[in-house]
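K.L.:
Below you'll find the structure I mean.
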Ligand SMILES: [Zn+2]
């Protein structure tokens, strides 16, 4: 009995899964490197050990500085989950397949090119352009 012979859909995205896992590792290690640098900086200027507000303030700074990394990490992890669920490579918005070209460029892409452009344009112009397009 050949187990897993039918999982060709999953293996189709095996390359992307590897890229995504590597990306997640990269982002995580760059974040922990920054965290380590901060901890070292803190030890040069010691505060009361029980000062929790100081610590949470530093956590806040950490999160602020790493917002983009955290956002990217979430996207990457979301894409990995979609591979597991079998919904990877399908646009969240229009449910059309996302082009291979796009997935090669942005393996964690959630939307197809046209939906992504529409969303980006809507975010910049408050959707006025999109409404005009629709009314034509
Ligand atoms: Zn789409």
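K.L.:
Out of the range 95-112, which residues are surrounded by 12 or more Cβ atoms within 10 Å (Cβ to Cβ), near the ligand (Cβ under 8 Å from one of its atoms) and more than 12 Å from residue 13 (Cβ to Cβ)?
P.N.:
96, 111, 112
K.L.:
Now for a different question. Please verify whether residue 121 is at pLDDT 95 or above and either part of a helix (DSSP H, G or I) or surrounded by fewer than 15 Cβ atoms within 10 Å (Cβ to Cβ) (or both), treating the condition exactly as stated. Working first, answer last.
P.N.:
On the way: at pLDDT 95 or above: no; either part of a helix (DSSP H, G or I) or surrounded by fewer than 15 Cβ atoms within 10 Å (Cβ to Cβ) (or both): yes.
Spelling it out, it is not the case that residue 121 is at pLDDT 95 or above and either part of a helix (DSSP H, G or I) or surrounded by fewer than 15 Cβ atoms within 10 Å (Cβ to Cβ) (or both).
K.L.:
Hey, can you tell me all the residues within the range 80-94 that are near the ligand (Cβ under 10 Å from one of its atoms) and in a loop (DSSP other than H, G, I, E, B)?
P.N.:
Within the range 80-94, 91, 92, 93, 94 meet the criteria.
The values are calculated or read from the model by the stated rules, or taken from the named source; none is laboratory data. The structure displayed is predicted, hence computed values, not measured ones. Note: ideal-geometry Cβ built from the backbone for every residue, glycine included; neighbour counts use all protein chains shown.
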